[in-house]
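Data first, discussion second: the structure below is written as structure tokens.
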Amino acid sequence: MLMIATTLFVSCNNDDDSSTPSNVTVDFVFSHFFDGAEIANADFETTSYTNANGESLTLSKLVYLVSDITFTATDGTVYAGEDYNLVNARTGNNINFTPNVELPKGDYTVSFTFGFDDEDNDAAGGYEDLNTADGGWGVPDPLGGGYHYMRMEGTYINNIGATENFQYHTIRANRHSTLPPGPGTLEELTDTSFTVNLGTVSVGSTTSVEVQMDVAGWFQNPNTWDLNTWYTVLMPNYEAQLDMNENGAVGVFSLGTVITED
Amino acid sequence: MLVILLSSCEDSDDNGPAYTPTPVTLEIPEVFQGRLLPPEIPEDNPLTEEGIALGKKLFFDPILSINNQQACVNCHLPENAFSDPRRFSVGVDGNLGNRHSMPLFNIAWNFENRFFWDGRALTLEDQIFDPVVDPNEMGNTWPNVENTLQNHEEYPELFEQAFGSSTVDSVNVSKAIAQFLRTLVSANSKFDQFQLGMVELTPQEANGLNVFLDEGRGDCFHCHGLPANPLWTDNIFHNNGMDKVITDLGLGGFSGDPREFGLFKSPSLRNLAFTAPYMHDGRFNTLEEVINHYSEGLVFSETIDPLMKNISTGGAHLTESDKADLKAFLLTLSDESFINNPDFRQ
């Protein structure tokens, strides 16, 4: 069951009941790289990157949803924020996030969900803030509804040397009997959110955890992404969504700098 | 339900009678409930009956203009969803503006808090300062406006009732007009009624919605929202592929960032039946022209939004049937009761 705690600003809201007694919180900061090179605001639309398939690309938008940041103690006790955060890498909105969970000091395995799992994605009534966030974070009902996981957009140089726009939008995979999608065409939904395990973190009186996203990973492993083939209209592309899921789950997110003070 | 608390209950500053403005709670339309966050009402400008009434009077009064001939309503007509049927509005000296008059409704749900086509005003109150002094609009000065209103037989008392002071200042003028504008709520279109289960869409309108929501055809929703976002705009800025050479810098002219040259705010698709001509410069007279632009007329420029697809071939190339259906759906977003609401008329 989900409980929505609305705030004035987008994205730092509860989506689940949680009232675990505890004594400290943990701050997260999200940072972004392409093959190890940090991506700053000034890099959007200006810096060219080369993906694993050899295509030159630029980024204009990188916005994504993380949810259910979870701390698992060595004795197996779970402390779950069960809230969500919409990160905008270009504007910096919500790159700093403190989940709504308090926990004892100690060592924890830290994980989160990229996107929404089905339980959160199908929450009754949806999420008022996400309905207007970033122009509307929702996914049309013919595609199964719910919300985007990520919108990565930009341009690339295609195989005839022309500049073309791409929209790498990750959502829940949806298979249709026929395309274009419409009422009655949806045959199958597959939850393509995934859990990111950041490893072990020592939580002190104040703790800052950096989560790094390497954008190159979305194009790299295990599926070498050919933008000439899959650059647009990927939301109703079931196979593309499965490949995005596989690439995202391997080598995109990692634990960065952890600063702990006792 | 939004509850607005009013704490001011101060005495008059000029020894007149003490007034307590009457708080107003903005009624949240049913179709917004559960879909949208509550409207944003500034803490320093809560809605009151007296403030709204004063703002309405000012909106319809040419007293704000240098020649006492032009009111806000002259370029923001209720029957046009508070837009202007002319491509460019005509100012006090007969000069034309260079952008189409923006429609005015559901402003309290503009969570981005960027106003004007180019987003240069960061609050609604700030936005109201510009037209009064723009030489192509009202051509006045704020000291002159304040002096004129101060010496008017009615206004000082109305300011007293609304703000507890009979001294007229520009800040309270903008606050009053902003209060009135925040009451301009449009949420009773055919599609709103469909969302509430009151009516059905025709097959053509329903297919038009599918085109609107289909990433491979209209893909309108990424900028103009879903049924879950009944504002039908993202209130953010895009280059939608209208010009190879950008002459009006839009957002970039305000921010100075070349990456924002030629970006303009997405207008709401509500009330399209009343708000022609379309686009920031009013270049399209009909919805057919707008749809054709996105279907076949897109052109590349450096800051074009990546959501604009198939630029090299001009767009998605909708079938004529899909175009007609999309238009039929778009027209379901028009709200006759809004443009005919007597509360919004003089």
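For the stretch B:14-124, state the semi-axes of the equivalent ellipsoid (square roots of 5 times the eigenvalues of the alpha-carbon gyration tensor), sorted largest first and rounded to whole angstrom. It would help to have the intermediate numbers written out before the result.
Details: eigenvalues 145, 101, 33 Å².
Square roots of five times the eigenvalues give 27, 23, 13 Å.
Given a cut-off of under 8 Å on Cα pairs at least six residues apart, what relative contact order in percent is computed for the stretch A:27-261? Numbers along the way, then the final one.
Numbers: 537 pairs, mean separation 56.1, N = 235.
For the stretch A:27-261, the relative contact order is 24 percent.
Excluding same-chain residues fewer than 8 positions from B:Lys323, which aspartates and glutamates have a Cα within less than 17 Å of its Cα?
Of all the aspartates and glutamates, those that pass the test against B:Lys323 - Cα under 17 Å, at least 8 places apart if same chain - are B:Glu205, B:Asp214, B:Glu215, B:Asp219, B:Glu288, B:Glu289, B:Glu296.
DSSP beta bridges in chain A, what fraction antiparallel, as a percent rounded to 5?
90 percent
How big is the charge dipole of the stretch A:27-261 about its Cα centre, in debye rounded to the nearest 20, if each Lys and Arg gets +1 on its Cβ and each Asp and Glu gets -1 on its Cβ? All intermediate terms of the calculation are to be shown ahead of the outcome.
Details: 6 positive and 33 negative charges, 92 e Å.
About 440 debye.
Say the dipole of the protein assembly as shown comes from +1 at the beta carbon of Lys and Arg and -1 at that of Asp and Glu; which of A:Asn158, A:Trp230, B:Leu196 then lies farthest toward its positive end?
A:Asn158
So the label point goes 7 Å from the Cα of A:Thr257 along Cα→C-beta, right? Which residues of the stretch A:76-114 then have their backbone N under 13 Å from it?
Hits in the stretch A:76-114 for A:Thr257 at 13 Å: none.
What base-10 log of the normalised intensity I(q)/I(0) is obtained for the stretch B:77-139 from the Debye formula, alpha carbons as equal point scatterers, at q = 0.21 Å⁻¹?
So the normalised log intensities work out to -0.94.
In debye, nearest 20: dipole of the stretch A:71-187 around its Cα centre with unit charges on the Cβ of K, R (+) and D, E (-)? Mind showing how you got there, number by number?
Working: 5 positive and 17 negative charges, 100 e Å.
Dipole about the Cα centre, nearest 20: 480 debye.
Per the Kirkwood formula on distinct C-alpha pairs, the Rh of the protein assembly as shown is how many angstrom?
On the way: mean 1/r = 0.0385 Å⁻¹.
For the protein assembly as shown, inverting the mean 1/r across all distinct Cα pairs yields 26.0 Å.
If you average the alpha carbon positions of the stretch A:114-144 and of the stretch B:282-345, how far apart do those two centres end up, in angstrom?
Here the two parts' Cα centres lie 25 Å apart.
Within 10 Å of each Cβ in peptide A:234-241, how many partner chain Cβ atoms are there on average? Round it to a whole number, please.
Values: counts 1, 5, 3, 2, 0, 0, 0, 0.
If you average over the peptide's residues, the count of other-chain Cβ atoms is 1.
Give, as a single signed number, the net charge of other residues whose beta carbon lies under 15 Å from the beta carbon of A:Ser205, with Lys and Arg counted +1 and Asp and Glu -1. Working shown, then result.
On the way: positive: A:Lys105; negative: A:Asp27, A:Glu102, A:Asp107, A:Glu261, A:Asp262.
For residues surrounding A:Ser205, the net value is -4.
For the stretch A:46-57, take each phi angle, set θ = phi - 60°, evaluate the Karplus expression 6.51 cos²θ - 1.76 cosθ + 1.60, and give the result in whole Hz per residue in order, putting x for glycine and proline.
10, 8, 8, 10, 10, 8, 4, 8, x, 8, 7, 9
Which angle between 0 and 90 degrees, to the nearest 10, do you get for helix A:238-249 versus the longest principal axis of chain A when only C-alpha atoms count?
Taking the Cα atoms of chain A, the angle to A:238-249 is about 40 degrees.
To make sure I understand, if each residue's beta carbon is the centre and we count other beta carbons within 10 Å, what order do B:Glu40, B:Glu205 fall in, fewest to most? Walk me through the numbers before you get to the answer.
Numbers: B:Glu40 16, B:Glu205 20.
So the ranking, lowest neighbour count to highest, is B:Glu40, B:Glu205.
For chain A, what is the convex hull volume of the alpha-carbon atoms per residue, in Å³?
Working: hull volume 33.8 nm³, N = 262.
Taking only Cα atoms, chain A has a hull volume of 129 Å³ per residue.
State the Cα centre-to-centre distance between the stretch A:191-221 and the stretch B:86-134 in whole Å.
Going from one Cα centre to the other spans 44 Å.
For the stretch B:250-346, rounded, prolate or oblate, judged on the Cα gyration tensor with a ≥ b ≥ c (square roots of eigenvalues), a/c < 1.5 rounded, else prolate if a/b > b/c? It would help to have the intermediate numbers written out before the result.
Values: a/c = 2.97, a/b = 1.28, b/c = 2.33.
Taking the square roots of the gyration eigenvalues as a ≥ b ≥ c, the stretch B:250-346 is oblate.
List, largest first, the extents of the alpha carbons of chain B along their principal axes, each in whole Å.
Projected onto the principal axes, the Cα atoms of chain B cover 70, 45, 31 Å.
Please sort B:152-158, A:241-247 by packing, taking for each peptide the average over its residues of neighbouring beta carbons within 10 angstrom, highest first.
On the way: B:152-158: 14.9, A:241-247: 20.4.
Highest to lowest by the protection proxy: A:241-247, B:152-158.
Taking just the C-alpha trace of the stretch B:190-337, give me its Rg and Dmax in Å.
15.4, 48
Taking every pair of alpha-carbon atoms in the stretch A:120-185, what share in percent sits in each 10 Å bin, from 0 to the bin with the longest distance?
18, 39, 30, 12, 2
For peptide B:212-220, how many partner chain Cβ atoms fall within 10 Å of a residue's Cβ, on average?
Mean inter-chain Cβ contacts per residue within 10 Å come to 5.
How tilted is helix B:203-213 with respect to the longest principal axis of chain B? Cα atoms for both, answer in degrees (0 to 90, nearest 10).
With both axes taken from Cα atoms, the answer is about 80 degrees.
Would you give the gap between the C-alpha center of the stretch B:210-254 and the C-alpha center of the stretch A:66-90, rounded to a whole Å?
33 Å
Give the calculated FRET efficiency between A:Glu38 and B:Glu40 to the nearest 0.05, with a Förster radius of 30 Å applied to their Cβ-Cβ distance. Intermediate values should be presented prior to the final figure.
On the way: r = 34 Å, r/R0 = 1.14.
FRET efficiency, A:Glu38 to B:Glu40: 0.30.
Dipole of chain B (Lys/Arg Cβ +1, Asp/Glu Cβ -1, origin at the Cα centre): which of B:Phe329, B:Pro78, B:Pro143 lies farthest to the positive side?
Result: B:Phe329, furthest along the dipole toward the positive end.
Looking at the stretch B:211-308, which trypsin sites (Lys or Arg not before Pro) are DSSP coil and have at most 12 other C-beta atoms within 10 Å of their C-beta? The partial results should precede the final answer.
Values: sites: B:Arg217, B:Lys244, B:Arg259, B:Lys265, B:Arg270, B:Arg283; in loops: B:Arg217, B:Lys244, B:Arg270, B:Arg283.
Of the trypsin sites (Lys or Arg not before Pro), the ones in loops of the stretch B:211-308 whose Cβ has at most 12 other Cβ atoms within 10 Å are B:Lys244.
Quick one: 3J(HN,Hα) in Hz for the stretch A:175-190, Karplus 6.51/-1.76/1.60 with θ = phi - 60°, rounded, Gly and Pro as x.
Each residue of the stretch A:175-190 in turn: 9, 10, 5, 9, 10, x, x, x, x, x, 8, 6, 10, 7, 10, 10 Hz.
Relative contact order for the stretch B:49-185: what percent, with Cα pairs under 8 Å and sequence separation of 6 or more? Please report the intermediate quantities before stating the final value.
Numbers: 238 pairs, mean separation 43.0, N = 137.
The normalised contact order for the stretch B:49-185 reaches 31 percent.
Which of the lysines could a cross-linker span from A:Lys61 if the Cα-Cα distance has to be under 26 Å and same-chain partners fewer than 8 positions apart are dropped?
B:Lys244, B:Lys265, B:Lys309
Can you pull the mean other chain C-beta count within 10 Å for peptide A:124-137?
Values: counts 1, 4, 3, 3, 9, 3, 2, 11, 15, 4, 3, 15, 12, 3.
Counting Cβ atoms of other protein chains within 10 Å of each residue's Cβ and averaging gives 6.
Taking amide H atoms as placed 1.01 Å from N in the peptide plane, list the residues 5 or more away in sequence, or in a different chain, whose amide H sits under 5 Å from that of A:Ile69.
A:Gly81, A:Glu82, A:Asp83, A:Thr113
Once every DSSP H run of n ≥ 4 in the protein assembly as shown is given -39500 (n - 2.57) and the sum is divided by its residues, what mean residue ellipticity at 222 nm do you get, rounded to the nearest 500 deg cm²/dmol? Working shown, then result.
Details: 15 runs with 126 residues, N = 608.
So the helix-based figure for the protein assembly as shown works out to -5500 deg cm²/dmol.
Work out how far the C-alpha atoms of the stretch B:49-185 reach from end to end along every principal axis, then list the three figures in whole Å, largest first.
Per principal axis, max minus min of the Cα coordinates gives 38, 35, 27 Å.
When the dipole is taken about the Cα centre of chain B, and only Lys, Arg (+1) and Asp, Glu (-1) are charged at their Cβ, what size is it in debye, to the nearest 20? Intermediate values should be presented prior to the final figure.
Working: 21 positive and 51 negative charges, 212 e Å.
Taking the Cα centre of chain B as origin, the dipole is about 1020 debye.
Could you go through the stretch B:28-45 in sequence order and give the Karplus-derived ³J(HN,Hα) for each residue, using 6.51 cos²θ - 1.76 cosθ + 1.60 with θ = phi - 60°, rounded to whole Hz, and x for Gly and Pro?
3J(HN,Hα) across the stretch B:28-45, in whole Hz: 8, x, 4, 6, 8, 5, x, 10, 10, 5, x, x, 9, 10, x, 4, 8, 8.
Under a straight-distance cross-link criterion of Cα-Cα below 27 Å, which lysines are reachable from B:Lys57, leaving out those fewer than 8 residues away in the same chain?
B:Lys175
Each value in this text was obtained by applying a stated rule to the coordinates, not by laboratory testing. In this text, all values refer to a predicted model and were calculated from it rather than measured experimentally. Ideal geometry is used to build each Cβ from the backbone, glycine not excepted, and the neighbour counts take in all protein chains shown.
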